[in-house]
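*Asks:* Got a structure for you, written out below as structure tokens; questions coming shortly.
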Protein chains: 2
Amino acid sequence: MPILKKIAVLPTLLTLGNAVCGFAAIACAGKIDGTEVGEPYFAVSGWLIILAMLFDSLDGYVARLARTASKFGAELDSLCDAVSFGVAPAFLLMRMGPGWTPAPVFHQLLACIAALYVVCAVLRLARFNVEAALDTAGSRRFRGLPSPGAAGCLASLAILRGDLAMGRWSGINLEMVRGGLEVWSILGALAIALLMVSRIPYPHLTKQILRGRRPFSHLIQVILAVFVLVLARELALVLIFWIYGLGIPARYAILRSLRREPRPAAAGLDDVFRR
Amino acid sequence: MPILKKIAVLPTLLTLGNAVCGFAAIACAGKIDGTEVGEPYFAVSGWLIILAMLFDSLDGYVARLARTASKFGAELDSLCDAVSFGVAPAFLLMRMGPGWTPAPVFHQLLACIAALYVVCAVLRLARFNVEAALDTAGSRRFRGLPSPGAAGCLASLAILRGDLAMGRWSGINLEMVRGGLEVWSILGALAIALLMVSRIPYPHLTKQILRGRRPFSHLIQVILAVFVLVLARELALVLIFWIYGLGIPARYAILRSLRREPRPAAAGLDDVFRR
């Protein structure tokens, strides 16, 4: 068998950082045991998934800057994505729902949805790899919700739940909010799992926000978004990820029902957030 | 972006069966809580990894039989392998070692080795994908311990431990055996993680055992091996996987130290088991 000789060290390390964060998120979620002691691990596990997303966007960026993008790098990247954005959020989801004791039927439903989430995530990643290899134009749109976006949706809910336990939200009815989060995470996970394997076009957020030349108002929008993110980071994360995950297909469906095709790729993000 | 149009249904379902078994193994391992109630889940989780291996060998076989092997199938296969043979055994490993309470230092060491195991598994899978794409001869040997073999090593230890708890091994000192298994799993996992990314040649077991024409004695060997497997299945699994995992590099090292290169691929498995 021929031998792979040289690889780019820094991008590979960043990609592996993604996998290590994903595995650490799984390990932390494993410490959630249904007692009050385990609740803060929801937040730790969620933030580790967000950190994995950071590594994931850095590795490709560094590889393209250094012109060391390779087949090995692409393969490794999607394998690590399967860990961090497939298994980790699904395992975290299983901890977010009701346990076996009060409601075995709901727990079984949750386990099935979590398995479906993993299946959809690996299908999405495999399909993307095959289509990206054929894509010479370098599209600025994905077909189907990207797996990091889907993982972010579940991670943001977990962070919110962990913060609830740490007393940052005193004065509200904890039990009710937690019950609401349980229902949201189960139904939401089902929706985003199916959106991952759909053909609905999603804008490539980092590409559209950070690259190329843009109107001045675009910069102001980004700065405002960062402010909101810092001020109330838990709710902001939930809003950002779920608007991206569910808002874009909702807009797509509305536009289609009005018998108008959505505008082509060039219109992009500005439009999404302005509506 | 161009669109992936047609895929082979049966092989894809088998590959997804692999991922679902892997995820179920993780979910079961998550129920191990250090109490006696959780101990049987070691065996369940271990058997689910073995079942994932079965799906993994079936999918490629069916795809080749039906001549539907494709790039999409290969990509999906390695993503599912990352779940079942990367994350699942590593997470199970974290449950097999000492908990936080008695020995935080050993637990940290274990967490590091588990993360290293995931990293080595994804590196092994990515390297294999790149090298297999360049390999037109269809080698009957792997470079480095294949990830299902490594996963089998850890799964067999977990099955043994689960069976200990279920009282099938009454009359022996449980505490001592369990302590021995803990040390074995930690040091063994480190060894097999490094062997995965090594260049040591490993025979392709299923290819060598099941395909082509072989001497009559070969069939008798296989039947005897199956008998041993059925008679004492826990120990037999441990022996088979660990002899494959550690015996082959040991033989390789001995042959090299005698300044004789190991025989070429055609000699294969018969030689390995005869020595």
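The values are calculated or read from the model by the stated rules, or taken from the named source; none is laboratory data. What you see is a predicted model, and the numbers here were worked out from it, not measured in a lab. Note: ideal-geometry Cβ built from the backbone for every residue, glycine included; neighbour counts use all protein chains shown. What goes into the accessible areas is simple: the full protein's heavy atoms, side chains included, and nothing from ligands, DNA or RNA. Shrake-Rupley method; radii C 1.70, N 1.55, O 1.52, S 1.80 Å.
*Asks:* Give the calculated FRET efficiency between residue A:219 and residue B:256 to the nearest 0.05, with a Förster radius of 51 Å applied to their Cβ-Cβ distance. Write out the running numbers ahead of the final one.
*Replies:* On the way: r = 62 Å, r/R0 = 1.21.
Given R0 = 51 Å and the Cβ-Cβ separation, E is 0.25.
*Asks:* State the percent of C-alpha pairs, over all pairs in the range A:1-92, separated by a distance greater than 23 angstrom.
*Replies:* Values: 1341 of 4186 pairs.
Pairs farther apart than 23 Å: 32 percent.
*Asks:* Shielding by partners for B:15-25, please: the mean number of other protein chain Cβ atoms within 10 Å of each residue's Cβ. Walk me through the numbers before you get to the answer.
*Replies:* Numbers: counts 4, 6, 1, 1, 9, 5, 1, 2, 12, 4, 0.
Per-residue shielding by partner chains comes out at 4.
*Asks:* Roughly speaking, what is the stretch gain from residue A:6 to residue A:61, that is 0.36 nm per residue apart minus the C-alpha to C-alpha distance, in nm to one decimal? Don't jump to the answer; show the numbers that get you there.
*Replies:* Numbers: separation 55, 0.36 × 55 = 19.80 nm, distance 1.93 nm.
Taking residue A:6 through residue A:61 to full extension adds about 17.9 nm, to one decimal.
*Asks:* Let me ask you something else. Answer with one residue from A:108, A:70, A:57: the one whose Cα lies farthest towards the positive end of the charge dipole of the range A:22-108, charges on Cβ with Lys, Arg +1 and Asp, Glu -1.
*Replies:* Among A:108, A:70, A:57, the one farthest towards the positive end of the dipole of the range A:22-108 is A:70.
*Asks:* Under a plain spin-label model, where a point goes 7 Å from the Cα along Cα-to-Cβ, how far apart in nm are residue B:177 and residue A:246?
*Replies:* It is 5.2 nm.
*Asks:* Given a Förster distance of 41 Å, report the FRET efficiency between residue B:70 and residue A:54 from their Cβ-Cβ distance, rounded to the nearest 0.05. Show your work: numbers first, answer last.
*Replies:* On the way: r = 33 Å, r/R0 = 0.81.
Efficiency for this residue pair is about 0.80.
*Asks:* Which parts of the range B:61-91, residue by residue, lose 20 Å² or more of accessible area when the rest of the protein chains are there, as against the chain isolated (1.4 Å probe)?
*Replies:* At a threshold of 20 Å² (probe 1.4 Å), the residues of the range B:61-91 that become less exposed are B:71, B:72, B:75, B:76, B:79, B:82, B:83, B:87, B:91.
*Asks:* What is the distance, in nm, between label points placed 7 Å from the Cα along the Cα-to-Cβ direction at residue B:109 and at residue A:141?
*Replies:* 5.6 nm
*Asks:* Could you check the simple spin-label distance between residue A:187 and residue B:35, using points 7 Å along Cα→Cβ, in nm with one decimal?
*Replies:* Simple spin-label model gives 3.4 nm for this pair.
*Asks:* Here is a follow-up. Could you order B:256, B:127 so the one with the most accessible surface comes first? Probe is 1.4 Å. Before the final figure, lay out the partial values.
*Replies:* Working: B:256 125, B:127 25 Å².
Ranked list, largest accessible area first: B:256, B:127.
*Asks:* Which log10 I(q)/I(0) values does the range B:14-64 give at q = 0.12, 0.13, 0.15, 0.24 Å⁻¹ under the Debye formula, counting every alpha carbon as one identical point scatterer?
*Replies:* Log10 of I(q)/I(0), two decimals: -0.30, -0.34, -0.42, -0.77.
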